[in-house]
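Heads up, the thing below is written out as structure tokens.
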Amino acid sequence: MTQDTMPAPRRRRADARRNVDALLEAARAVFDTSGVDAPAKEITDLAGVGVGTLYRHFPQRSDLVKAVVESGIDAVADAGPALAAEYEPAEALTRWIDRYTELLGTKRGLASALHSGDPALAGLPAYFMQRLGPTLSALLDAAAAEGAIRGDIGAEDLLHAIAQLCQPVPGRGPEHSRRIVGVLVDGLRCGGGQGPPQGDHGNGGS
């Protein structure tokens, strides 16, 4: 193999990765506005690729929904350590909860996809907890250790509580969810100094 031919596979892989990234970003935006059943062409037009490229990477709609959900979960999970490194524990926790609330509140139709019963999406709830549970647990532990929040709530309970508060309310937008979640966060702070919770923080016992 000559030097002239060696870069071609790498270029193809890079092009494929860019196409996947563009499709995920476009699908995320389209799902936000039109729901998960939006026409494929709406997604591909926004991504700047052909419909064939979409189906080559995501043969079924559920494949695309799963990838979008997982990428959103990953982004929120990965934000935890970065926020903890930049801010004091209570502020890092608050900012992370804001990220999590945004994930829940701006993905029209994705919450129902998590519980759709589609076998292709069956693993999403477990993935959700596996990725977000340990991140939130670490943030809670750090804030509770400083006495900034109450210490008797675990990550799993808090993840579920916030998810319930972010359920759509007729006639109300995402700002309503953020305001209500803010009330919950204020309650965590008001209980600061309480002892640690019994058992684990819902991170799988790790």
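Taking segment 91-109, which residues are outside any helix (DSSP H, G or I) and modelled with pLDDT of 90 or more?
Across segment 91-109, there are no qualifying residues.
Hey, could you check segment 1-25 for residues that are open to solvent by 90 Å² or more (accessible area, probe 1.4 Å) and of a type in the set (Asp, Glu) and say which is modelled with the lowest pLDDT?
The qualifying residue modelled with the lowest pLDDT is 4.
Within segment 91-113, can one find any residue that is touching a residue at least 24 places away in the same chain (Cβ under 8 Å) and more than 30 Å from residue 186 (Cα to Cα)?
yes
Are any residues in segment 125-155 more than 18 Å from residue 72 (Cα to Cα) and either in a helix (DSSP H, G or I) or under 17 Å from the mean Cα position of the chain (by Cα) (or both), and if so, which ones?
Answer for segment 125-155, where residues must be more than 18 Å from residue 72 (Cα to Cα) and either in a helix (DSSP H, G or I) or under 17 Å from the mean Cα position of the chain (by Cα) (or both): 137, 138, 139, 140, 141, 142, 143, 144, 145, 155.
Name every residue in segment 140-153 that is touching a helix residue (DSSP H, G or I) at 6+ places or on another chain (Cβ under 8 Å), within 13 Å of residue 89 (Cβ to Cβ) and open to solvent by 50 Å² or more (accessible area, probe 1.4 Å), in order of residue number.
Result: 145, 146.
Quick one: residue 178 ticks every box in (1) open to solvent by 80 Å² or more (accessible area, probe 1.4 Å); (2) within 16 Å of residue 99 (Cβ to Cβ); (3) modelled with pLDDT under 85 except a single one, so which number is it?
Here residue 178 clears every test but (3).
Just a yes or no: is a residue in segment 116-139 in contact with a Leu (Cβ under 8 Å, 6 or more places away or on another chain), within 17 Å of residue 97 (Cα to Cα), of a type in the set (A, V, I, L, M, F, W, C) and open to solvent by 40 Å² or more (accessible area, probe 1.4 Å)?
no
Scan segment 26-50 for residues that are open to solvent by less than 60 Å² (accessible area, probe 1.4 Å), assigned to a helix (DSSP H, G or I) and not polar (S, T, N, Q) and report the count.
10
Run residue 67 past the list (1) in contact with a Ser or Thr (Cβ under 9 Å, 6 or more places away or on another chain); (2) under 27 Å from residue 173 (Cβ atoms); (3) aliphatic (A, V, I, L, M); (4) surrounded by fewer than 19 Cβ atoms within 10 Å (Cβ to Cβ) and report the number of the one that doesn't hold.
So residue 67 meets the others, but not (1).
The values are calculated or read from the model by the stated rules, or taken from the named source; none is laboratory data. All figures in this text were calculated on a predicted structure; none of them were measured in a lab. Note: ideal-geometry Cβ built from the backbone for every residue, glycine included; neighbour counts use all protein chains shown. Note: areas computed on protein heavy atoms with side chains; ligands, DNA, RNA excluded. Shrake-Rupley method; radii C 1.70, N 1.55, O 1.52, S 1.80 Å.
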